[in-house]
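Remarks on the structure that follows.
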Amino acid sequence: MMGGLHDYLTAATYDDMSTVIDNFNLAAKRISPVLENFSSYKIDRIDYCINFDLRDFMEKCNPELIINLIKRGNIPAFFKEYTKYNETAHRTQSMPDSFYLINNSVHINCYSKYIQLQELSRQKIQYGELPIPQTTLDAAYNIIRFEVQYKWFKLYSLSRKMKSVTGHEFRKYEDLLSHSSCREAVTQYFYKTIIAGDWWTLKEAVGIITSKNYNCQKKARLIKVLKMVNHFRSVEKAKENCQDSELRIFHQTLNDLSEININPVTIPKEYGIKHIPNLLCAYFEQTQKEKGVFS
């Protein structure tokens with residue numbers, strides 16, 4: 001809001017900071033002379049994010065299907081999936097429409113903007129406010145947002161690291177809110193969770209592996225892990241069924257699959273789709289063609 005953005009979809013970038021700072025200082029002065037200016041405050045949290053518009057990557061888009069594939073990804077070490085008590089089921093459950101992972105310093109959330117805004121609109125109506133315009137909901141339908149939230153512990157650690165590397169006093173806004181910092185955070189956690197490589201059906205992925213000039217043992221190992229993930233319906237659950245040396249081999253196989261552009265999560269037959277490109281790679285390719293700026 002401070003950046004002058006009111007459409008619920010557009011994410012503010014470092015380029016908007018001058019507007020944010022000016023608006024904050026004006027609002028603070030209007031509220032009370034006791035409030036200091038923007039530079040007097042510390043940053044306790046930063047949300048780095050990227051919006052994927054599915055229409056840019058595939059002809060048939062169904063956000064619910066994409067979220068389903070994303071939820072079958074990996075949960076990195078020291079993270080756990082956020083759960084909430086379901087009064088109907090009488091047990092805690094993960095968020096049905098998002099892949100939301102947390103620890104004390106970083107939260108990772110990948111979700112459908114359309115579903116999120118639908119829920120927000122319902123809440124606004126309950127509080128007697130105007131609902132979100134239908135035009136905004138329609139515009140959000142094909143948007144998948146990947147968001148990395150850095151909490152205070154992560155920001156403190158990162159600021160100390162930046163200061164030691166650069167040798168100068170840490171520049172709170174320039175260093176943390178730059179386009180490069182956003183790209184680095186999003187890329188790092190995207191590949192830790194959703195993993196590199198395109199999504200394929202199991203049949204297509206096996207076909208790619210068998211076409212490679214690998215020995216029989218390596219082909220069998222790659223196909224075995226694909227079938228494991230397919231059977232357990234997620235990378236995380238397949239990983240939980242590996243022990244000791246099996247786990248090391250499992251992780252190595254995930255890297256090997258990524259090198260040949262295969263995501264270990266395979267597309268169910270009922271989707272009727274053989275191939276879905278890796279969202280992050282497709283986004284970077286698209287922005288490079290358009291000579292745009294990462295945001």
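At a threshold of 8 angstrom on Cα-Cα distance, excluding pairs fewer than six apart, so keeping six or more, what relative contact order does the chain reach in percent?
That works out to 22 percent.
Given the options 219, 71, 29, state which has the largest fluctuation in a GNM of the chain using a 10 Å cut-off (strictly under) for Cα springs.
29
Tally Lys and Arg at +1 and Asp and Glu at -1 over the other residues with C-beta under 13 Å from the C-beta of residue 57: what net charge comes out? Walk me through the numbers on the way to the answer.
Working: positive: 55, 60, 289; negative: 53, 56, 59, 198, 285.
Around residue 57, the surrounding residues sum to -2.
Please find, in a Gaussian network model of the chain (springs between Cα atoms separated by less than 10 Å), the residue of 194, 43, 70 whose mean-square fluctuation is greatest.
43
Under the √(5λ) rule applied to the eigenvalues of the Cα gyration tensor, what semi-axes describe the equivalent ellipsoid of the range 73-168? Give them in Å, descending. The partial results should precede the final answer.
Numbers: eigenvalues 204, 79, 34 Å².
In descending order, the three semi-axes are 32, 20, 13 Å.
How long is the gain from residue 9 to residue 43 if the chain were fully straight, where each residue apart is worth 0.36 nm and the alpha carbon distance is subtracted?
On the way: separation 34, 0.36 × 34 = 12.24 nm, distance 2.28 nm.
Result: 10.0 nm gained on full extension.
Please label the shape of the range 101-140 as rounded, prolate or oblate, based on the square roots a ≥ b ≥ c of the eigenvalues of the alpha-carbon gyration tensor (a/c under 1.5 means rounded; beyond that, a/b larger than b/c means prolate, else oblate).
Values: a/c = 4.34, a/b = 1.81, b/c = 2.40.
Since a/c reaches 1.5 but b/c is at least a/b, the shape of the range 101-140 is classed as oblate.
Considering Cα pairs under 8 angstrom that are at least six residues apart, work out the relative contact order of the range 104-150 and quote it in whole percent. Intermediate values should be presented prior to the final figure.
Details: 52 pairs, mean separation 28.8, N = 47.
61 percent.
Determine the calculated [θ] at 222 nm for the chain from helices alone, applying -39500 (n - 2.57) to every DSSP H run no shorter than 4 residues and normalising by the residue count; nearest 500 deg cm²/dmol. Walk me through the numbers on the way to the answer.
Working: 12 runs with 139 residues, N = 295.
Dividing the helical sum by the residues of the chain leaves -14500 deg cm²/dmol.
Report Rg/Rh for the chain, rounded to two decimals, where Rg is the Cα radius of gyration and Rh the Kirkwood radius.
Values: Rg = 21.6 Å, Rh = 21.5 Å.
Ratio of gyration radius to Kirkwood radius for the chain: 1.00.
Using Cα springs under 10 Å in a Gaussian network model of the chain, which residue among 66, 102, 208 shows the largest mean-square fluctuation?
The residue that fluctuates most here is 208.
For residue 129 and residue 183 in one chain, what is 0.36 nm times their gap in residues minus the Cα-Cα distance, to one decimal in nm? Numbers along the way, then the final one.
On the way: separation 54, 0.36 × 54 = 19.44 nm, distance 3.57 nm.
Gain on stretching residue 129 to residue 183: 15.9 nm.
Decide, for the range 42-96, between rounded, prolate and oblate: order the square roots of the alpha carbon gyration tensor eigenvalues as a ≥ b ≥ c, take rounded if a/c falls under 1.5, and otherwise choose prolate if a/b is larger than b/c, else oblate.
On the way: a/c = 2.05, a/b = 1.18, b/c = 1.73.
The shape class here is oblate.
Computing the accessible area with a 1.4 Å probe over protein heavy atoms, can you report the carbon and sulfur percentage for the range 174-295? Intermediate results must be reported in sequence, preceding the final value.
On the way: 3290 of 6710 Å².
Heavy-atom surface of the range 174-295 belonging to carbon and sulfur, 1.4 Å probe: 49 percent.
For the range 231-273, with equal point scatterers placed on the C-alpha atoms only and solvent neglected, what are the log10 I(q)/I(0) values from the Debye formula at q = 0.14, 0.17, 0.27, 0.35 1/Å, to two decimals?
Ignoring solvent entirely, the Cα scatterers give -0.38, -0.54, -1.00, -1.16.
Rounded, prolate or oblate: pick one for the range 117-242, where a ≥ b ≥ c are the square roots of the eigenvalues of its C-alpha gyration tensor, a/c under 1.5 means rounded, and failing that, prolate if a/b is larger than b/c, else oblate. Could you put the intermediate results ahead of the total?
On the way: a/c = 2.66, a/b = 1.29, b/c = 2.06.
It is oblate, given that a/c is not under 1.5 and a/b is not larger than b/c.
From a point 7 Å beyond the Cα of residue 64 in the direction of its Cβ, which residues of the range 127-152 have a backbone N at a distance under 15 Å?
Counting backbone N atoms under 15 Å from the label point, the list is 141-142.
Net charge near residue 71, counting Lys/Arg +1 and Asp/Glu -1 over other residues with Cβ under 10 Å of its Cβ? Mind dumping the intermediate values first?
Details: positive: 72, 233; negative: 81, 97, 236.
That sum, taken over residues with Cβ under 10 Å, equals -1.
For the range 69-221, what does the relative contact order come out to in percent, with C-alpha contacts under 8 Å and a separation of six or more?
On the way: 146 pairs, mean separation 31.3, N = 153.
Across the range 69-221, relative contact order equals 20 percent.
Go ahead and run the numbers for FRET between residue 251 and residue 78, Cβ-Cβ distance against an R0 of 22 Å, rounding to 0.05.
On the way: r = 15 Å, r/R0 = 0.70.
Efficiency for this residue pair is about 0.90.
Zone of residue 175 (label point 7 Å along Cα→Cβ, backbone N under 12 Å): which residues in the range 8-35?
None, by backbone N distance to the label point.
Convex hull over the Cα atoms of the range 185-295, averaged projected area in nm²?
Values: hull surface 33.1 nm².
If I average the Cα hull's projected area over directions, I get 8.3 nm².
Modelled label-to-label distance, residue 29 and residue 212, 7 Å Cα→beta-carbon offset: nm?
Rounded to a tenth, the inter-label distance reads 6.2 nm.
The values are calculated or read from the model by the stated rules, or taken from the named source; none is laboratory data. The shown structure was predicted, so the numbers you read here are calculated from the model rather than taken from an experiment. Heads up, the Cβs are rebuilt from the backbone with ideal geometry, glycines too, and the neighbour counts pull from every protein chain shown. Only protein heavy atoms, including side chains, enter the accessible area calculation; ligands, DNA and RNA are left aside. Shrake-Rupley method; radii C 1.70, N 1.55, O 1.52, S 1.80 Å.
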